[in-house]
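Only the coordinates and a few stated rules stand behind these numbers; no lab work does. Note that this is a predicted model, so its numbers are computed, not measured. Quick reminder, even Gly has a Cβ in these numbers, built from the backbone with ideal geometry, and neighbours come from all protein chains shown.
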Amino acid sequence: MENSFKKLCRIAGETVVKYRLIEPDDRILVGVSGGKDSMVALAALAQLRRFYPKPFELIAITVDMGFGGIEVYNLPKFDPLLDRSGPFNKYQT
């Protein structure tokens with residue numbers, strides 16, 4: 001049985017190809033909140049980038065709005081994933 005993340009990556013890749021969502025040398029910016037949805041989206045695009053035949057840049061950005069309760073400074077623990085896929089940028093407003 002295919003694990004959930006692998007299945008999600010396969011479906012994401014098929015969708016990108018079907019709708020021609022990524023062209024060579026595109027820059028894809030992923031807004032990362034630290035929640036499950038944005039982290040899975042980033043991870044799936046990072047995985048796709050490793051195998052997709054058209055090169056593209058993947059950039060993750062976190063914006064700390066200063067409201068509290070969001071630990072954006074813990075996000076660099078995902079650096080090993082991002083090191084393989086592209087830069088990680090974090091901005092604080």
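What the table shows:
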read-out: Around E23: net Lys/Arg minus Asp/Glu count, Cβ-Cβ under 13 Å; value: 0
read-out: Inter-label distance, nm, simple model (7 Å from Cα along the C-beta direction), M65/F5; value: 2.9
read-out: Amide H contacts of I28 (H built 1.01 Å from N, under 5 Å, at least 5 apart or other chain); value: E57, L58, I59
read-out: Table column - 3J(HN,Hα) (Hz), the stretch 10-18, Karplus curve with 6.51, -1.76, 1.60, x for Gly and Pro; value: 5, 5, 4, x, 4, 5, 4, 5, 4
